[in-house]
Amino acid sequence: MGKVVHFEIHVDDMERAKTFYGEVFGWKFEDWSSYAGMPYFGAVTGEAGELGINGALMQRQGASPAPGQALNGYACTIGVGDYDATEAHILHHGGKIALPKYALPGMAWQGYYIDTEGNLFGIHQPDKDAK
């Protein structure tokens, strides 16, 4: 089986992206630039043993995605404990709503956002009472 074990978020402004993901989700970053030969920061997204994967922020190698263009890649969804508080953090730190909060009935709350670098991502709060 091919389990996803790492993700990369392409960014224009490394410090701005580190601030966004650090402030909104509490991610920590490790400088792996010497390994990659370009600005590349490992993203530690949680404690060892927690469900999920770690990834990285890497310097974008081309043009940023144009607003409204179709997704060309994978959309990562991040699990959260409080959807509304997380959305407020996203908006406060420069993110934008792409698809507002909606119910996955009997399972969760879901929505999609655009980060400070123009990338799409989702947030997901489990809630068996969602409707």
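The values are calculated or read from the model by the stated rules, or taken from the named source; none is laboratory data. Quantities reported herein were computed from a predicted structural model and do not represent experimental measurements. All Cβ positions, glycine included, derive from the backbone under ideal geometry; neighbour counts span all protein chains shown.
Annotation note: Cβ proximity below 8 Å between a residue of segment 111-123 that is among the aromatic types (Phe, Trp, Tyr) and a residue that is not in a strand (DSSP E or B) (sequence gap 6+ or interchain) occurs for 112/75; 113/87; 113/90; 113/95; 121/75; 121/115. The lone criterion from (1) of a type outside the set (D, E, K, R); (2) part of a helix (DSSP H, G or I); (3) over 24 Å from residue 89 (Cα atoms) left unmet by residue 2 is number (2). Kindly indicate whether any position in segment 60-83 is among the charged types (D, E, K, R), farther than 15 Å from residue 10 by Cα, in contact (Cβ under 8 Å) with a residue 24 or more places away in the chain and touching a Gly at 6+ places or on another chain (Cβ under 8 Å). No - not one qualifying residue is present in segment 60-83. Scanning segment 39-56 turns up no residue that is touching a helix residue (DSSP H, G or I) at 6+ places or on another chain (Cβ under 6 Å), aromatic (Phe, Trp, Tyr) and within 24 Å of residue 127 (Cα to Cα).
Yes/no per residue for (1) in contact with a Leu (Cβ under 7 Å, 6 or more places away or on another chain); (2) under 25 Å from residue 59 (Cβ atoms); (3) of a type in the set (Gly, Ala, Ser):
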| position | (1), (2), (3) |
| --- | --- |
| 98 | yes, yes, yes |
| 102 | no, no, no |
| 113 | no, yes, no |
| 129 | no, no, no |
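Out of curiosity, is residue 33 more than 14 Å from the chain's Cα centre (by Cα), over 18 Å from residue 125 (Cβ atoms) and modelled with pLDDT of 95 or more? Yes; evaluated as a whole, the condition is true for this residue.
Residues that are buried (at least 16 other Cβ atoms within 10 Å of the Cβ), in contact with a Phe, Trp or Tyr (Cβ under 9 Å, 6 or more places away or on another chain) and not basic (Lys, Arg): list the strands (runs of 3 or more DSSP E) wholly contained in segment 27-131 that include at least 3 such residues.
40-44, 55-59, 108-114, 120-126
Residue-level check: of (1) part of a helix (DSSP H, G or I); (2) touching a Cys at 6+ places or on another chain (Cβ under 9 Å), residue 9 misses just (1).
Checked against (1) without any contact (Cβ under 8 Å) to a residue 12 or more places away in the chain; (2) on the phi < 0 side of the Ramachandran plot, residue 18 passes all but a single condition, namely (1).
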